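Student: Quick one: the structure is below, questions incoming.
A short reminder: the numbers here are calculations on the coordinates, not readings from a lab. Please read all numbers here as calculations on a predicted model, not as lab measurements. Ideal geometry is used to build each Cβ from the backbone, glycine not excepted, and the neighbour counts take in all protein chains shown.
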Amino acid sequence: MNEITHVVKRSGAIVPFNPDRILNAIYRAAVAAGGRNRQQAEMLTEQVVRILKETTPEGHTPHIEEIQDIVEKVLIENGHATVAKGYILYREESTRRRKADSKHASRPSGNIPWSKIWRVLDWAISHDLHTVEHLNRRIRAGEFPQIVHESEAAYEDDVSVAAELIAERSDQLKMVIISGPSSSGKTTSTIKLEQRLNRRGLRFVTLNVDNYFFDLEMHPKDEFGDYDFETPQALDLPLINQHLVQLSEGKEVIIPYYDFKEGKRHLNHTPLKLEKGDILLIDSLHGLYPKMSEDTPDSKKFKLYLEPLLQMKGHDGHYLRWTDIRLIRRMLRDAAHRAYQPQATLEHWHYVRASELRNIIPYIGSTDYVINSGMPYELPLYRARLFDSFVKWDQQYKDDPLREDAYERASRIRQMLEPILPVSDDSPIPGDSVLREFIGGSSFSY
């Protein structure tokens with residue numbers, strides 16, 4: 001029996017063989033299919049490893065694709081067809097995405113709110129903020145406070161439009177779902193939206209879906225011990241769906257409570273009921289995910305989506321990536337409010353992005369309105385605060401095949417930030433700005 005010490009990644013890099021990666025993949029597929037039997041996943045992993053050792057010729061280093069073929073075979077032969085199907089579909093989806101990236105596909109995507117993008121781009125051009133060069137020019141001219149004012153005004157207008165649309169449907173609405181990928185500004189936007197609607201006499205009752213997390217021991221984790229909270233399957237979706245139906249029908253439910261210190265959920269903890277005129281307010285990363293509210297008619301839901309849809313070209317002529325902006329935001333927020341080091345956020349981001357592409361981005365087209373939370377002025381602040389760290393990470397991860405994703409992002413963001421003029425003084429930024437959610441100093445309590 002051949003002892004497996006290394007495997008070949010798709011990039012061609014050779015890395016140490018770690019059975020925990022197989023366990024993690026199998027358990028993730030099981031969770032996605034509704035199962036959470038970790039002991040069963042461990043048994044299946046042992047079978048995969050045994051077959052791999054038995055079938056790998058002496059001196060041969062197996063490719064990741066060979067291992068995945070064995071995983072599919074073991075899942076099917078052990079009667080886990082549903083889990084195998086999810087594993088195969090995810091594998092095919094990843095392959096398609098890699099091919100599209102490698103060809104720099106330019107075909108328009110249905111996952112992008114194009115009409116909104118054009119309006120944001122038009123605004124950026126009219127305010128001379130559509131390239132890093134133009135941004136730098138305005139900063140040199142001493143116009144940073146004016147850029148802040150213009151950016152905040154555009155965002156506030158977006159929130160006001162959303163409030164108007166909700167108010168127009170208030171007679172039939174039972175819930176407002178505010179969604180968007182990580183660090184898009186949902187919390188601040190929810191507060192601002194609620195303020196506007198309260199002035200119209202509308203009452204909101206908040207449902208915190210974090211209380212529906214499964215116990216920590218039931219979450220998948222990787223070989224580094226990193227838990228994945230980014231997937232919607234980390235939540236008890238059937239229970240959320242059931243409670244939303246009951247609440248929309250005027251019934252009382254007993255919602256659970258999740259203790260993050262213990263990593264445990266306590267059922268039947270807090271009674272909740274919508275009185276006449278109440279509207280349920282849900283701020284959730286996965287609010288658009290169909291299974292969360294599939295049994296509540298669309299006529300009773302208003303779905304709002306947030307994203308920093310910044311339209312600005314860098315020195316290379318390419319538009320800056322929204323995911324990179326959100327990664328920086330989350331680094332700052334995690335460090336300030338969660339005692340989580342920026343480097344750890346960078347290393348975890350591949351989970352965040354993978355879940356977004358599977359579970360959030362595909363459903364943008366189902367939203368009722370899109371708010372742009374991107375601020376051109378945030379880039380100079382990030383240049384001053386984190387550029388040196390990205391330079392360090394760019395070098396640190398350069399030759400680490402286990403951290404290819406972290407290296408790619410660190411290198412790209414370093415190049416993005418390098419030509420931007422740094423601004424250290426954040427005093428022109430209002431205390432109720434959406435950006436204060438990430439850089440600190442907010443007048444709101446989160």
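Student: Suppose we look only past 15 Å in the calculated P(r) of region 6-102. What percent of the Cα-Cα pairs does that tail hold?
Tutor: It works out to 62 percent of all Cα pairs.
Student: Wrap a convex hull around the Cα atoms of the chain, take a quarter of its surface area, and give that in square nanometres.
Tutor: 22.5 nm²
Student: Using the crude model of +1 on Lys and Arg Cβ and -1 on Asp and Glu Cβ, and no other charge, please compute the dipole size for the chain relative to its Cα centre, in debye to 20.
Tutor: Result for the chain is approximately 560 debye, rounded to the nearest 20.
Student: Could you check what % of the DSSP bridge pairs in the chain are antiparallel, to the nearest 5?
Tutor: Bridges in the chain are about 40 percent antiparallel.
Student: How many angstrom separate the Cα center of region 12-84 from the Cα center of region 298-347?
Tutor: 33 Å
Student: State to the nearest 20 debye the size of the charge dipole of region 323-383 about its Cα centre, where the only charges are +1 on K and R beta carbons and -1 on D and E beta carbons.
Tutor: In debye, rounded to 20, region 323-383 gives about 120.
Student: DSSP loop (so not H, G, I, E, B), at most 11 other Cβ within 10 Å: list which chymotrypsin sites (Phe, Trp or Tyr not before Pro) in region 235-301 pass both filters.
Tutor: Answer in residue order: Phe260.
Student: Anything over 32 Å Cα to Cα? Flag those among Lys73/Lys398; Lys186/Lys261; Lys116/Lys276, in the order listed.
Tutor: Lys73/Lys398; Lys116/Lys276
Student: Lys and Arg at +1, Asp and Glu at -1: add these up for the other residues within a Cβ distance under 9 Å of Leu173 and post the number.
Tutor: +3
Student: Okay, next question. Let me see the P(r) profile for region 334-446: every Cα-Cα distance counted, bins of 10 Å, each bin given as a percent of all pairs.
Tutor: 12, 33, 39, 16, 1
Student: Next question, about the same structure. Could you pull out the pairs from Lys313/Lys392; Lys192/Lys251; Lys9/Lys291 whose alpha carbons sit more than 30 Å apart here?
Tutor: Lys9/Lys291
Student: Give the cross-link partners of Lys174 among the aspartates and glutamates, using a straight C-alpha distance below 19 Å as the criterion and excluding same-chain residues fewer than 8 apart.
Tutor: Hits, sequence-local ones excluded: Glu164, Glu194, Glu249, Glu252, Glu275, Asp278, Asp283, Glu294, Asp295, Asp298, Asp368.
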